[in-house]
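A.B. asks: I'd like to ask you about the structure that follows.
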């Protein structure tokens, strides 16, 4: 394994502002060929098709391959690669019914090539994806995945271990121009979720008083709480928030030890179970076996139309934010399709899915999946049916773009990656 590096994150953000404008790529524009001899009456030129895509003249520079390529070169490379492998989340059964066919259509529309996509999905065991990448690269083997579609802490872990491939800006990721600079992680990746807070989904029929993370210690909640598994980054965020609520600094070892002890002594007795199994969490909440479920904000956002009594309160002192960031591992086997997959993940089509075109996505799943606009361009895509949520539409459940940029706490997940194991070990000792 190569020596680990502690890399200042500003080094990876400084490229964002100046390098996005003007990126675009697409399918070839066909031009009609006409006979040299003029006919008696010249036929009108063919009507132009929709200006959906544009190819820059000449060859395109593909950074990840360190070479110039024409559109024909790209098509041949796409055919040769044939497949892309993505480490991802499970997305409630939508991987096979929506993600896979949408990506295939996306590539076929733009490049005229049929490809395959393999999406490996998990919720609780995302760290195993990282171990597989580290092990493969340490052994001199290709990375087992072409795109890592995971939370922010894994992105920083990849930078620390020098396993992320710089690939941006790239003409194969033109949709980067629509993403606000706040979410860009050039040259290594892009945040593909506007927000993703570690959250509690609360049954307000029984719990209408929760304001702080410390309220999890209330004896009325005995046996009514599910929390993340200890190895889940959501649990780490909870410990950090509890530490701050107790007046400590979660980067101070003594303060954090006191917070871990307080959590073990005061919150643990109320916990029914620790689980990161989303289906289990949802079943317990819906059957009212538990009244409080520790999960991600998407759960309560999805319930906004279907079960509005299950809400995600704004907890003091802050909500840990852990958005998804995609990146490409070094020595991946399908680098061109990896970049195209990255473009697809931030495309308008994918970020604001059309539920009429893809009826497998109901409104609840849409609200859980989308998570708000990544830039002002996306705001115009808000579906008309979102007014069912209230006069503010999607902003009844999501923060606005400006709120996401200024009011949601961004934690030092790089620091958490370095200390989570000791926190977990200490908590397990105490309980």
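A.B. asks: List the strands (runs of 3 or more DSSP E) that sit entirely inside the range 181-254 and contain at least 3 residues that are under 19 Å from residue 89 (Cβ atoms).
C.D. replies: Working: elements: 189-191, 198-203, 225-227.
Where strands (runs of 3 or more DSSP E) fall fully within the range 181-254 and carry at least 3 residues being under 19 Å from residue 89 (Cβ atoms), they are 189-191, 198-203.
A.B. asks: Let me ask another. Filter the range 78-98 down to residues that are part of a helix (DSSP H, G or I) and either touching a strand residue (DSSP E or B) at 6+ places or on another chain (Cβ under 6 Å) or in the same structural domain as residue 296 (by TED's automatic domain parsing) (or both), then give me how many there are. Give the steps one after another, and end with the answer.
C.D. replies: Taking the range 78-98 and keeping what is part of a helix (DSSP H, G or I), we get 78-81, 91-98.
Restricting the remaining residues to those that are either touching a strand residue (DSSP E or B) at 6+ places or on another chain (Cβ under 6 Å) or in the same structural domain as residue 296 (by TED's automatic domain parsing) (or both) gives 95.
The qualifying residues number 1.
A.B. asks: Among the residues of the range 226-235, write down those that are at pLDDT 95 or above and buried (at least 24 other Cβ atoms within 10 Å of the Cβ).
C.D. replies: Of everything in the range 226-235, those that are at pLDDT 95 or above and buried (at least 24 other Cβ atoms within 10 Å of the Cβ) turn out to be 226, 227.
The values are calculated or read from the model by the stated rules, or taken from the named source; none is laboratory data. This structure is a prediction, so every number in the text was calculated from the model and none was measured. Glycine gets a Cβ as well: all are built from the backbone with ideal geometry, and neighbour counts include every protein chain shown.
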